[in-house]
Structures are given as C-alpha cells and as structure tokens.
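Reading through the structure tokens given below for one structure.
The values are calculated or read from the model by the stated rules, or taken from the named source; none is laboratory data. The shown structure was predicted, so the numbers you read here are calculated from the model rather than taken from an experiment. Neighbour counts run over all protein chains shown; Cβ positions are idealised from the backbone, glycine included.
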Amino acid sequence: MTRHHAPPPAPTLSRQPGWLNACKCGVSLLILMAAPMRAQPPQIPEDAMAKQRNAAAAMQESLEKQRAAIQKQMGTADTASFFLLPRAASLGTVTGSIAEAVAMPLAEECDPLPAPEVESLVGETAERDGLSADLLRSVMKQESGFRPCAVSSKGAMGLMQLMPATAEQFGIQDPFDPAGNLDAGARFLKQLLTKYGGDLPKALGAYNAGPSKVDAAGDVPAIPETMDYVRQILAAVPFH
C-alpha cells in the first residue's frame, strides 16, 4: 500500500531567520537613541561661558582706561603749547564732527610746510582777502609754526589754530587742510579788523584771546600770553 505524505508548508514572511530579526531590533534601537541626541543643541560648558564674560569685561575696562588717558592728556596739557596730529594727507577728509577730530589719539610731530608752499598759500589768500601777506605769514608762524597738524590744548586746530566754532562758522570740513584752514583764518582776521575799525593790535588780541576779552578791556587784554603774541606779530609786520 502506497503512503502519500503531505508536502511541507511553504515558508511565510513572518518566519524569518533569528539573526535577521536581531539585526532589525538593533538598528531600531540605535535610531531611537540617536533621535534625541540630534534634537538637543550643543551645550557650552559653564566655565567657557564664564571665560567669555570675563574677556568682554576686561576689554570694556581697557577701552574706558584709554578714553580716560586721552581726556587727561587734553585736560592737563600746557595751555601755551600745542600737540600734533598726522599731516592732513594722512588724515583724509574729516567726515564726523570737528570735536571728534580733536579727540583723536596723539601722534608724532609733523614737519612744517615747506617755505615755497607757505609762500604760495599766503600769496593767494592775501590777494583774495585783501590782507597783507606779511601779516598772514606772521600770524601763521605764531599760531602753529607752519605745522598743519597743530592742535592746542584748548582745541584750536591747524595752521591758523581755528577753534571748532570758528571752523564751523566758515564752513571748514577739514580743519587740517592747509588751504582751507588759512582761508578761514584770514577771513576771521579780516572780520576782526572790520569790527575794530582797522585797529590791528585789537584785532590780533581778539584773534588770540577772543573778542569778548578785547571788548571788556577796551584794548588788548592784559594777558601775558596775548600781549606777547601781539607784540611778536607786530614786530614782524612792517608798516603796520
């Protein structure tokens, strides 16, 4: 008698080797572990943040010390002297306020303008404004020693030592430009000569000490610096 054996059942997808199921479980576990790690932003250690805060505070303190040093230098300088900034060519055009130009750090002394350049500037300005070339040259020498970078402890700037208000009055954007500075100084001096009826000593006294001091004294004010200033300029101007 022939025996018929039933064929073995066909394998299904659910019956997979054990090693494959173990691999799948391992991969799923890794994915679950990695997901929260990606979602969390990197944390900066507390000691690193503290170092950053300390560095920022130290930088701010350094800047404050630099500002205080500059203010001290400008406030304690000899009122009869001036300190010097770089030549106008290295400064470029002053784009901010004139007060900002005065607050620049101190620099090495610049050279006086060459004599031919001085004579050219003086000649052109004197002819244009109807003033004596000898007078302009003498005032320039007394004011700045022909140095276009000169700045006084009181804030006067350039060849003719224009105060900020005077520079703004005559529309000077760059007080360290030799031509512009001389032009404004000459116009201011001419304005003073007109005010005092051509009295040169009074005009010079007002240029140095201010018109209010001359008006109060009715003459060259009895300030030693101003009296010496007027005397030296008049001595260099023939037939004044």
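Considering only residues that are in a loop (DSSP other than H, G, I, E, B) and not small (Gly, Ala, Ser), which ones fall in the range 158-187?
Passing the criteria: LEU159, MET160, GLN161, MET163, PHE170, ILE172, GLN173, ASP174, PRO175, PHE176, ASP177.
Could you list, in sequence order, the residues of the range 192-221 that are buried (at least 16 other Cβ atoms within 10 Å of the Cβ), within 31 Å of the chain's Cα centre (by Cα) and farther than 22 Å from ARG147 by Cβ?
ALA206, PRO211
Residue pairs, Cβ under 7 Å, 6 or more apart or interchain, first in the range 145-162 and within 10 Å of PHE176 (Cα to Cα) and among the charged types (D, E, K, R), second in a loop (DSSP other than H, G, I, E, B) and at pLDDT 95 or above. List them.
ARG147/PRO112
Yes or no: the range 207-218 includes at least one residue that is of a type in the set (S, T, N, Q), touching a residue at least 12 places away in the same chain (Cβ under 8 Å), part of a helix (DSSP H, G or I) and in contact with a Phe, Trp or Tyr (Cβ under 9 Å, 6 or more places away or on another chain).
Step one: filter the range 207-218 for residues of a type in the set (S, T, N, Q), giving 208, 212.
Add one more test, that the residue is touching a residue at least 12 places away in the same chain (Cβ under 8 Å), and what stays is 208.
Next cut, part of a helix (DSSP H, G or I) only: 208.
Pick out the ones that are also in contact with a Phe, Trp or Tyr (Cβ under 9 Å, 6 or more places away or on another chain) and you get 208.
So far as the range 207-218 goes, yes, one or more of its residues are of a type in the set (S, T, N, Q), touching a residue at least 12 places away in the same chain (Cβ under 8 Å), part of a helix (DSSP H, G or I) and in contact with a Phe, Trp or Tyr (Cβ under 9 Å, 6 or more places away or on another chain).
Take the residues of the range 130-157 that are of a type in the set (Lys, Arg) and not in a loop (DSSP other than H, G, I, E, B): which is farthest from the chain's Cα centre (by Cα)? Spell out how you get there, then give the answer.
Looking only at the range 130-157, we keep the residues that are of a type in the set (Lys, Arg), and these are 137, 141, 147, 154.
Imposing the further condition that a residue be not in a loop (DSSP other than H, G, I, E, B) reduces the set to 137, 141.
Details: ARG137: 30, LYS141: 27 Å.
Ranking the qualifying residues of the range 130-157, first place goes to ARG137.
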